[in-house]
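Below: the structure, in structure tokens.
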Amino acid sequence: MNVVHKLEETTVDADVVISGAGPTGLLLGAELALAGLRVRILERQEARHGQSRALTLHPRSIEILELRGIADRFLAAGHTVPGWHFAGLSRKLDFSVLDTRHGYTLFLEQARTERLLEDRARELGVEISYGHEVVSLTQTGDGVDVVGVGPDGGFSLRAAYLVGCDGGRSMVRESAGIGFPGSDSTMSTMLGDFAVSDKEEIAAAGQVPVLIAPMTGGVTRFVVTSPGRMRIPPSEPVTFEEFREALVELTGTSFGIAEPQWLSRFGNATRLAETYRAGRVFLAGDAAHIHFPAGGQGLNTGLQDAMNLGWKLAAEIKGWAPPGLLDTYHAERFPMGELVADNTQAQALLLELTLVPDYRRPVIALRGLLESLLDLPEVNARLAGLVSALATSYPAPDDDPLVGTRMPDLPLGSSGTGVSKLVHSGLFGYVDFTGDGAAQVAEGWKDRIAVATGGDRAWAEDVGEVLVRPDGHIAWVRRENDLPDAASREAGLTAWAGTPDRTAVRR
Ligand SMILES: Cc1cc2nc3c(=O)[nH]c(=O)nc-3n(C[C@H](O)[C@H](O)[C@H](O)COP(=O)(O)OP(=O)(O)OC[C@H]3O[C@@H](n4cnc5c(N)ncnc54)[C@H](O)[C@@H]3O)c2cc1C
């Protein structure tokens, strides 16, 4: 990038600098600040633009917000619908049958999600600097020097770690020399938000090959993939007239659209960062993965990246991380990125081929077949688990099969506390269902582990003790039939929560 500015003399010290105040960067900032770290988010834009690409938060996203006690804020700002689209099939996925207290998708525009996440980050003390663009980085043995351009010219600052949450064209990824292999767009889709539309005509439209979603403020979103326009590169601007014509071609009406608020063209380019970590530099969210927005998974996946990385980075900086903990971020989240890339490519192909004349009939037949398969509860559960991300599991092959799965939010003890409440403050949660181990745990790891005794074991009746990670996944389990053995408990807890009573701060 050809930016030449004189650097200011100021050096800002931060444990972690995050590039990008999108949803991923904001949640990550909040997670790090919750752990007591000094966090600075640098955002290129001078202010929020208020446009929303994503419209929904899926069940696992609501669950992770619940793990921090903030889901209610989001639920109060949106409304729930029982399921969401898959491959544009007319039969939607049904999330209500999934094993969760949040079996729905929350209709909440991205701009509002970001506003709520920013409030949370600021409450916890995160410093967010708008109008600050990161332009380069240099890693040294014990830190990262970040160079950027702000309202007053160039600046530089030094941090222990830098996380690129700066979207699909990530400067951090490029500067760190991390490859972004994948495929370019083969088709494009148009998006338009319009202030005025014929609501009666929309209500009467029935099955049309256009996604129509009412938004706040009387705005309605239309998403159109038009056979005659789908080979136009995503970088080419959309005009109002083009959008109107495409609607008329596909549906016979323009629905009275007027006053465009936002017109955009997006494609099905699919790429994954070859590594989510290069030394002291990490990638999360769209900086690590881009794909067609089928099923509404991008923002949701970024939130889970943030939730997975936050506590691990905090553990490393605070000095108690067990060896290799930071590398589990790539090991766990890269395969999840691959899953999303694969399922969105499959969905995009089904959409694309429907619009190619030679394939139209067989693909319509294939879609009909898939619709009928979705009537089978097992098929719905499998795909809904994938898209909702409730199926997310971080398996550890040699361990108990429960290890790596998400811990259900069941009541604990007699207090009515749930599992999620136990980890609200970002600690591990340890539940002793049999009353054999809690005292020892309370002594050894009380700065890192919140303890509860007794609770509902409906999800796994023979569990004696369980250690839940700060991101809600199970780290360690003892089955009731295995003897309570202090040495194996200590080994299990140390493997994730570090050595007991080691609280020295290392930077
Ligand atoms: C049409 C469309 C519909 C979508 N619908 C859904 C949906 O329904 N559900 C869903 O989950 N996802 C959806 N997505 C995807 C979702 O919008 C993205 O996955 C999400 O915004 C990614 O969040 P992020 O924080 O990782 O990146 P971004 O939201 O891209 O944020 C990156 C931030 O970094 C800033 N930045 C960039 N470069 C720099 C720099 N050098 N220095 C400082 N700051 C920088 C940018 O200004 C930006 O604010 C959709 C996407 C599209 C295109």
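Some observations on this one:
- Amide proton proximity set for Val463, modelled H, under 5 Å, gap of 5+: Glu480
- Rounded tilt (10° steps) of 327-354 against the dominant C-alpha axis of the chain: 20 degrees
- Note that region 140-157 has calculated 3J(HN,Hα) couplings of 10, x, 10, x, 10, 9, 10, 10, x, 10, x, x, 9, x, x, 8, 9, 8 Hz, one per residue in order, obtained from phi through the Karplus relation 6.51 cos²θ - 1.76 cosθ + 1.60 (θ = phi - 60°); glycine and proline are x.
- Cα centroid separation, region 441-472 to region 177-202 (Å): 44 Å
- Value of relative contact order over region 224-291, rounded to a whole percent, pairs C-alpha under 8 Å and six or more apart: 29 percent
- In order through region 382-390: 3J(HN,Hα) via Karplus (6.51 cos²θ - 1.76 cosθ + 1.60), integer Hz, x for Gly, Pro: 5, 6, 5, x, 5, 6, 6, 6, 5
- Rounded is the label for region 393-507. Its Cα gyration tensor axes, ordered a ≥ b ≥ c, give a/c under 1.5.
- Cα gyration tensor shape of the chain, rounded if a/c is under 1.5, else prolate or oblate by comparing a/b with b/c: oblate
- Nearest 10 degrees, 0 to 90: helix 298-318 Cα axis against the chain principal axis: 20 degrees
- Under 5 Å from the amide H of Thr417 lie the amide H atoms of Leu412, each residue being 5 or more positions distant or on a separate chain, with H modelled from the backbone and absent for Pro and chain starts.
- Loop-located chymotrypsin sites (Phe, Trp or Tyr not before Pro) across region 437-507 with a Cβ neighbour count of 16 or fewer within 10 Å are Trp459, with loop assigned by DSSP.
- DSSP loop GluC sites (Glu not before Pro) with at most 11 other Cβ within 10 Å: longest gap in the chain: 47-460
- Anisotropy class of region 385-427 from Cα gyration tensor, a/c 1.5 cut: prolate
- Cβ-based exposure ranking for His330, His291, in which fewest neighbours within 10 Å come first: His330, His291
- Placing a label point 7 Å from the Cα of Arg231 along the Cα-to-Cβ direction, the residues of region 348-370 whose backbone N falls under 13 Å from that point are 356-358.
- For the chain, a crude dipole built from +1 on the beta carbon of Lys and Arg and -1 on the beta carbon of Asp and Glu, taken about the Cα centre, is about 460 debye to the nearest 20.
- The chain, helix-only ellipticity at 222 nm - DSSP H runs n ≥ 4, -39,500 (n - 2.57), divided by all residues, nearest 500: -10000 deg cm²/dmol
- Length-normalised contact order of the chain in % [C-alpha pairs under 8 Å, at least 6 apart]: 16 percent
- Sequence of Arg221, Arg60 once ranked by neighbouring C-beta atoms within 10 Å, starting from the fewest: Arg221, Arg60
- Placing pseudo-labels 7 Å out from each Cα toward the beta carbon at Glu241 and Tyr359 gives an inter-label distance of 3.2 nm.
- Fewest-first ranking of Met215, Met307, Met190, using other Cβ atoms within 10 Å as the exposure measure: Met215, Met190, Met307
- Pairs of Lys residues in the chain that lie 8 or more places apart, or on two chains, and have C-alpha atoms under 30 angstrom apart add up to 6.
- Net charge of the neighbourhood of Asn268, taken over other residues with C-beta under 10 Å away and scored Lys/Arg +1, Asp/Glu -1, is -2.
Any read-out appearing in this document is the output of simple, stated calculations on the displayed coordinates, not a laboratory observation. Since the model is a prediction, treat every value here as computed from it, not as a measurement. Glycine gets a Cβ as well: all are built from the backbone with ideal geometry, and neighbour counts include every protein chain shown.
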